[in-house]
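Enquirer: Got a structure for you, written out below as structure tokens; questions coming shortly.
No lab work stands behind these numbers, since they all come straight from the coordinates. None of the values given here were measured: they were computed from a predicted structure. All Cβ positions, even for glycine, are placed from backbone atoms using ideal geometry, and neighbour counts span all protein chains on display.
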Amino acid sequence: MVDVSQHNLVPEHRVIEEDALEAVLAEYDIDRTDLPKIKRTDPALPDDADVGDVIEITRDSRTTDSATVYRLVIE
């Protein structure tokens with residue numbers, strides 16, 4: 001079976017630490033539930049991601065070196 005998370009076209013996904021998350025939420029003046037969602041069954045998620053965690057996704061970008069987005073893991 002292929003491990004999708006290791007494919008070269010899948011951007012890096014990692015669980016963000018609570019203290020870093022608080023800084024992100026404060027910067028954008030939002031709550032955790034305001035973030036876009038990602039299902040726990042998404043094959044790109046790290047194995048240690050649980051429902052309620054926030055995932056930081058770092059993608060390559062044509063206009064900047066990289067773009068960082070955040071997703072809330074849901075059931």
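Enquirer: In the stretch 23-75, which residues are over 23 Å from His7 (Cβ atoms) and hydroxyl-bearing (Ser, Thr, Tyr)?
Expert: Tyr28, Thr33, Thr63
Residue by residue, here is whether (1) over 12 Å from Val73 (Cβ atoms); (2) touching a Ser or Thr at 6+ places or on another chain (Cβ under 9 Å) holds:
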{"position": "Asp3", "(1), (2)": "yes, no"}
{"position": "Val15", "(1), (2)": "no, no"}
{"position": "Glu22", "(1), (2)": "yes, no"}
{"position": "Ala26", "(1), (2)": "yes, no"}
{"position": "Lys39", "(1), (2)": "no, no"}
{"position": "Val54", "(1), (2)": "no, no"}
{"position": "Ile57", "(1), (2)": "no, yes"}
